[in-house]
1. Once the cut-off is 16 Å, how many percent of the Cα-Cα pairs in segment A:46-126 end up in the long-distance tail?
2. Taking neighbour Cβ counts within 10 Å as the exposure measure, how do B:Leu203, B:Leu87 sort from fewest upward?
3. Give me the inter-chain shielding for A:69-81: mean count of other chain Cβ atoms within 10 Å, whole number please.
4. Using only C-alpha atoms and all pairs of different ones, pull out the Kirkwood radius for segment B:155-296 in Å with one decimal.
5. Please give the contour-minus-distance gain from B:Asp182 to B:Lys242: 0.36 nm per residue of separation, less the Cα-Cα distance, rounded to one decimal in nm.
6. If each residue's Cβ is checked for other Cβ atoms within 10 Å, how do B:Arg271, B:Arg115, B:Arg308 rank with the fewest at the top?
7. Would any residue of segment B:71-86 have its amide N under 13 Å from a label point 7 Å out along Cα→Cβ of B:Gln290? List them or say none.
8. Provide the gained length on full extension for the span B:Ala147 to B:Glu194, in nm with one decimal, where the gain is 0.36 nm per separating residue minus the Cα-Cα distance.
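The numbers here are math on the coordinates, done by the rules we state, and not lab data. Predicted model, so just to flag it, every value in this text is computed and none were measured. Note that we place each Cβ from the backbone using ideal geometry, even for glycine, and neighbour counts take in every protein chain shown.
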Amino acid sequence: MSTLSTSAHRRLVAAAALSLVAFAFDSPIAMAAEAAAAIPAAAAPAEISIDNFTFGPNVLTVKAGTTVRWVNRDDIPHTILDKQRKVFRSKVLDTDDSFSFTFAAPGTYEYFCGLHPHMTGQVVVTP
Amino acid sequence: MTDRSDAPDRNDMNLLSCAVDRRGLLKCMTWAGTGVLWTVAGGVPTSLGLIGDARAQVPATGFSFMQISDSHIGFKRPENPDAIGTLTAAIDQIKAMPVKPSFMIHTGDITHLSRDDQFDNAQKIIDSAGVPVFYVPGEHDIVDEDAGKAYLERYGNGTKGAGWYSFDQGGVHFLGLVNVVDLKAGGLGNLGNEQLEWLESDLKGVSASTPIVVFAHIPLWIVYPEWGWGTEDGARALSYLKRFGSVTVLNGHIHQLMQKVEGNITFHTARATGFPQPAPGTAPSPGPMQVPADKLRDYLGITRVDFRQGSRELAITDTALSAS
């Protein structure tokens with residue numbers, strides 16, 4: 001019982017921290033500070049960098065409700081869309097442009113670049 | 001218009017037979033950046049030597065056309081801060097030719113980001129050559145909000161699907177194909193079933209002795225899958241072309257010269273006018289390649305194809321922008 005409630009409590013804290021993360025999205029410094037203060041375990045990067053035609057990290061694991069931000073650091077444009085073309089699709093991202101998507105539902109999301117489809121990655125969303 | 005003096009020697013000509021493995025490809029690339037004229041008869045290419053010698057052997061009967069590719073208007077990164085200037089230089093080379101080409105083909109990536117002003121700028125420069133232009137889109141030409149609407153509004157008239165079509169000119173059957181739409185995760189370029197069925201039926205009425213020229217943005221053969229350089233279902237398209245005596249496949253996308261001959265089919269990729277890209281496997285990624293500013297125009301250029309009436313021969317000549 002106590003384990004369960006502790007775990008439920010943790011989830012609540014995590015959810016609160018994540019909503020803060022989403023809320024503070026436009027201010028990365030505030031975002032990092034809030035996340036670190038609330039729950040160190042959630043400090044995993046919710047950013048995916050596009051560098052040299054690769055997504056890094058290639059597999060990103062986040063908790064449900066997390067907003068993931070892709071940043072194009074290549075000298076060439078890319079787009080982001082999920083493998084089934086049903087969940088998300090970015091506009092074309094020129095150098096330094098970014099695209100954000102909030103993952104509400106748990107699951108494994110495979111995605112790729114619509115211009116260079118050999119570029120693939122995964123976001124694993126845990127409850 | 002003579003090309004640079006670093007043309008390959010006789011031994012390099014053997015590289016035409018290079019295999020499609022990585023080592024072979026890298027060997028093939030060693031003659032990229034040079035200007036050589038090839039004639040293709042019955043699928044067997046013969047080098048006629050340097051452009052200056054070869055031109056004399058191309059008779060006035062027949063016709064020629066230009067291939068330009070990958071102009072990437074809108075690109076302003078350090079690898080080429082002036083893509084407008086290099087496209088203009090390419091068109092100026094064409095205007096200066098003693099024998100005007102009958103038309104041009106553009107094998108895609110006209111623009112960098114499919115923006116109206118980029119299409120406008122490209123068209124203004126290209127149209128100044130004063131010859132008809134046949135386009136196929138690159139993946140950079142269909143990244144507008146409506147995924148290709150901007151391209152089709154400009155160049156889609158009389159085309160099918162995402163912009164494919166065929167036409168006849170001087171006894172040669174031309175096919176403009178689109179292999180940049182509906183790309184699949186983890187995959188390469190893609191023609192799709194609808195286009196392939198159209199291709200098969202389009203070719204039904206064409207006699208086997210008719211020379212065929214196919215042009216599309218991404219190479220139809222598998223050049224380097226690690227970088228996505230190839231077309232997933234290209235082999236099916238090529239299977240429809242097996243019965244023809246002379247097939248020439250002209251592509252862009254990889255921003256460098258590459259040529260391969262397989263049976264009756266000659267594959268050739270053109271230089272870009274936008275910016276150079278590295279040879280397969282020689283860089284961490286296929287992104288734009290930085291070269292010294294005074295060398296940039298060695299890596300950019302245009303392609304001329306001469307067709308000799310009745311002989312089934314096509315002669316392909318690549319010229320760097322730095323050639324005068």
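1. Numbers: 1374 of 3240 pairs.
In whole percent, the share of Cα-Cα pairs in segment A:46-126 beyond 16 Å is 42.
2. Working: B:Leu203 19, B:Leu87 25.
Listing B:Leu203, B:Leu87 from fewest to most nearby Cβ atoms yields B:Leu203, B:Leu87.
3. On the way: counts 0, 0, 0, 0, 0, 4, 10, 12, 8, 1, 3, 0, 2.
Neighbouring Cβ atoms belonging to other protein chains average 3 per residue here.
4. Numbers: mean 1/r = 0.0625 Å⁻¹.
Radius from the Kirkwood sum: 16.0 Å.
5. Numbers: separation 60, 0.36 × 60 = 21.60 nm, distance 2.63 nm.
Working it through step by step, the gained length comes to 19.0 nm.
6. Numbers: B:Arg271 28, B:Arg115 16, B:Arg308 20.
By the 10 Å Cβ count, ascending, the order reads B:Arg115, B:Arg308, B:Arg271.
7. Of the residues in segment B:71-86, B:77-81 have backbone N under 13 Å from the label point off B:Gln290.
8. Details: separation 47, 0.36 × 47 = 16.92 nm, distance 1.80 nm.
So the extension gain works out to 15.1 nm.
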